[in-house]
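Read-outs throughout are calculated quantities, based only on the coordinates presented, and are distinct from any laboratory measurement. Not measured: the values here are computed from a predicted model. We place every Cβ from the backbone using ideal geometry, glycine too, and count neighbours over all the protein chains shown.
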Amino acid sequence: FSMLGIVLSNNFLMMYAFWELVGISSYLLIGHWYEKKSASDAGKKAFIVNRIGDVGFFIGIMIVFTQLHTFLFTGIFSGISQGQLSGSLLTAAGILIFCGAVGKSAQFPLHVWLPDAMEGPTPVSALIHAATMVAAGVYLIARVFPMLTAEALTVIAYVGGITAFISATIAVTQNDIKKVLAYSTVSQLGYMVMALGVDAYSAGFFHLVTHAAFKAGLFLASGSVIYAMHHEQDMRQMGGLRKKMPITYTAFVIFSLSIAGIPLTSGFLSKDSILAGSLAYGMLTGNYLIPIIGYSVVFLTAMYMFRLIIMTFHGEPRDHHKYEHAKESPKVMTIPLIVLAALSIFVFYSFNPMNPDKGWLLESVTKPESVVPGYQKYSWDFLKVKLVENAPAEAGVSGAGETAVYTNAYEMELEKIHFIALGVSLILALSGILTAFVIYDWKMIDAEKLKQRVKPLHTFLYNKWYFDEL
């Protein structure tokens with residue numbers, strides 16, 4: 001109900017009220033087992049951390065209101081387009097409103113609450129981490145996108161990229177199956193935020209939709225494993241479960257291929273669009289750190305997901321007592337996995353497995369026009385008019401009224417580097433999967449010896465970069 005309220009709101013006042021209702025709902029869901037101290041503490045942590053971001057969100061709304069005297073989005077966008085709010089104040093308002101998304105979508109440095117939210121029931125994890133609460137922050141950025149200046153979008157891109165990288169490095173070292181998925185969620189949310197920051201609006205929105213399917217599936221599949229293992233969540237106590245749980249195993253592999261961005265999956269289409277957008281952004285602005293972070297996360301994501309699969313489903317059972325009693329979950333648990341696995345295949349989003357642009361989803365998502373003053377936009381927005389005016393000369397044809405094939409420099413760059421981005425992404429994803437098999441399945445490299453060699457680094461990552469201690 002609260003999420004529907006956020007989506008249907010046409011003004012900041014109504015949105016903020018429902019925004020807080022989402023926060024209180026998540027607090028109650030995370031602390032569902034209130035007699036358990038860790039669950040109670042996790043609920044309080046989520047509530048307090050989100051309030052920090054919401055203070056920034058509130059201040060941002062107040063800056064906009066004091067300058068434009070309206071909460072309505074249409075009135076705000078109209079006022080900004082007329083120059084009633086511009087310069088550093090507009091940038092500050094955009095960044096402060098983004099603070100709300102930093103809290104709700106668990107972005108750096110307010111990402112610390114989300115992994116602890118695993119203390120709630122697994123269906124709650126699937127609901128919060130895939131479809132509702134964490135999606136609210138990404139939706140907020142998309143909703144106010146027309147009023148975000150180039151400076152604000154650059155901040156958003158870097159926060160998203162840093163979040164994606166930090167969370168992926170932590171996920172590689174975790175042993176709790178739900179903790180790995182929690183950090184995976186934070187990392188993927190970072191991707192979405194980064195996409196919006198680099199002007200890949202449609203790609204970020206697309207990844208939000210595909211992520212909802214495969215991440216809900218991953219959490220429900222992990223719930224199926226935990227149920228079969230009598231509430232065991234430590235992957236070091238699992239192993240060999242693919243023989244006992246073939247449906248859960250197959251679904252888990254499909255979801256993991258999707259999140260790793262392997263062709264024929266929905267995740268490949270959306271992630272490839274984000275990476276191509278980040279590479280185009282880097283080539284046009286010189287900010288190559290963003291695409292470098294994006295591509296490094298591709299390798300890490302593939303590695304930690306297949307590490308999870310190998311430790312859980314492959315090899316010999318480590319706890320023979322629990323393994324003997326393990327069996328496939330009942331149909332009420334496996335049917336949703338089959339449905340979500342089907343939704344993680346490319347055909348539901350585009351009939352072209354290599355290019356989502358002609359799919360129904362991307363064709364129905366249109367990037368809203370920016371209303372900020374010209375000098376505060378990304379540089380390629382200036383090139384748009386020039387290219388259209390010079391279209392006949394650019395295209396080498398004559399005739400009045402003809403327009404260029406590409407409407408701006410960003411789209412031209414995207415078209416040029418699309419297949420390069422795709423190839424690099426695929427190589428890194430396959431390398432990550434291969435690394436996981438070499439270390440954890442084929443044991444060509446001893447995982448324990450490797451851990452000892454890089455012990456300071458492993459300890460640092462295992463302790464989550466010590467953010468909880470700060």
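Would you list the helices (runs of 4 or more DSSP H) that sit entirely within the stretch 111-220 and hold 1 or more residues that are under 27 Å from Leu264 (Cβ atoms)?
Because the criterion is at least 1 residues that are under 27 Å from Leu264 (Cβ atoms), the helices (runs of 4 or more DSSP H) in the stretch 111-220 that meet it are 122-126, 133-143, 150-171, 177-197.
Every residue in the stretch 282-333 that is among the small types (Gly, Ala, Ser) and assigned to a helix (DSSP H, G or I), please.
First pass over the stretch 282-333, keeping only residues among the small types (Gly, Ala, Ser): 282, 286, 294, 296, 302, 315, 326, 329.
Those that are among the small types (Gly, Ala, Ser) and assigned to a helix (DSSP H, G or I): Gly282, Gly294, Ser296, Ala302.
In the stretch 438-466, how many residues are on the phi < 0 side of the Ramachandran plot, in contact (Cβ under 8 Å) with a residue 24 or more places away in the chain and in contact with a helix residue (DSSP H, G or I) (Cβ under 7 Å, 6 or more places away or on another chain)? Walk me through how you get there before you give the answer.
Here is the first cut: in the stretch 438-466, the residues on the phi < 0 side of the Ramachandran plot are 438-442, 444-463.
Narrowing the set further to residues that are in contact (Cβ under 8 Å) with a residue 24 or more places away in the chain leaves 439-441, 458, 461-462.
From what is left, the residues that are in contact with a helix residue (DSSP H, G or I) (Cβ under 7 Å, 6 or more places away or on another chain) are 439-441, 458, 461.
Of the residues in the stretch 438-466, 5 are on the phi < 0 side of the Ramachandran plot, in contact (Cβ under 8 Å) with a residue 24 or more places away in the chain and in contact with a helix residue (DSSP H, G or I) (Cβ under 7 Å, 6 or more places away or on another chain).
Can you name the residue in the stretch 26-36 that is surrounded by fewer than 18 Cβ atoms within 10 Å (Cβ to Cβ) and in contact (Cβ under 8 Å) with a residue 24 or more places away in the chain and is also nearest to Val64 (Cα to Cα) among such residues?
Initial filter on the stretch 26-36 (surrounded by fewer than 18 Cβ atoms within 10 Å (Cβ to Cβ)): 28, 32-36.
Now drop any that are not in contact (Cβ under 8 Å) with a residue 24 or more places away in the chain, which leaves 32-33, 36.
Working: His32: 37, Trp33: 40, Lys36: 43 Å.
Checking each candidate, the answer is His32.
Please verify whether Val134 is of a type in the set (A, V, I, L, M, F, W, C), buried (at least 20 other Cβ atoms within 10 Å of the Cβ), closer than 30 Å to Ser86 by Cβ and out of contact with any Lys or Arg (no Cβ under 6 Å at 6 or more places or on another chain), treating the condition exactly as stated.
no
So is Ala101 more than 22 Å from Met14 (Cβ to Cβ), in contact with a helix residue (DSSP H, G or I) (Cβ under 7 Å, 6 or more places away or on another chain) and surrounded by 14 or more Cβ atoms within 10 Å (Cβ to Cβ) or not?
For Ala101, the condition - more than 22 Å from Met14 (Cβ to Cβ), in contact with a helix residue (DSSP H, G or I) (Cβ under 7 Å, 6 or more places away or on another chain) and surrounded by 14 or more Cβ atoms within 10 Å (Cβ to Cβ) - is not met.
Residues are listed down the side, and each one gets a yes or a no for (1) within 30 Å of Lys327 (Cβ to Cβ); (2) hydroxyl-bearing (Ser, Thr, Tyr):
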{"residue": "Val193", "(1), (2)": "no, no"}
{"residue": "Gly197", "(1), (2)": "no, no"}
{"residue": "Phe219", "(1), (2)": "yes, no"}
{"residue": "Ser224", "(1), (2)": "yes, yes"}
{"residue": "Ala228", "(1), (2)": "yes, no"}
{"residue": "His231", "(1), (2)": "yes, no"}
{"residue": "Ile247", "(1), (2)": "yes, no"}
{"residue": "Ile292", "(1), (2)": "no, no"}
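How many residues, within the stretch 46-61, are surrounded by fewer than 19 Cβ atoms within 10 Å (Cβ to Cβ) and small (Gly, Ala, Ser)?
Counting residues in the stretch 46-61 that are surrounded by fewer than 19 Cβ atoms within 10 Å (Cβ to Cβ) and small (Gly, Ala, Ser) gives 0.
Can you give me the ranges of the helices (runs of 4 or more DSSP H) entirely in the stretch 1-87 with at least 1 residues that are closer than 17 Å to Thr132 by Cβ and over 23 Å from the mean Cα position of the chain (by Cα)?
Working: elements: 2-8, 12-30, 37-68, 73-81.
Of the helices (runs of 4 or more DSSP H) lying wholly inside the stretch 1-87, those with at least 1 residues that are closer than 17 Å to Thr132 by Cβ and over 23 Å from the mean Cα position of the chain (by Cα) span 12-30.
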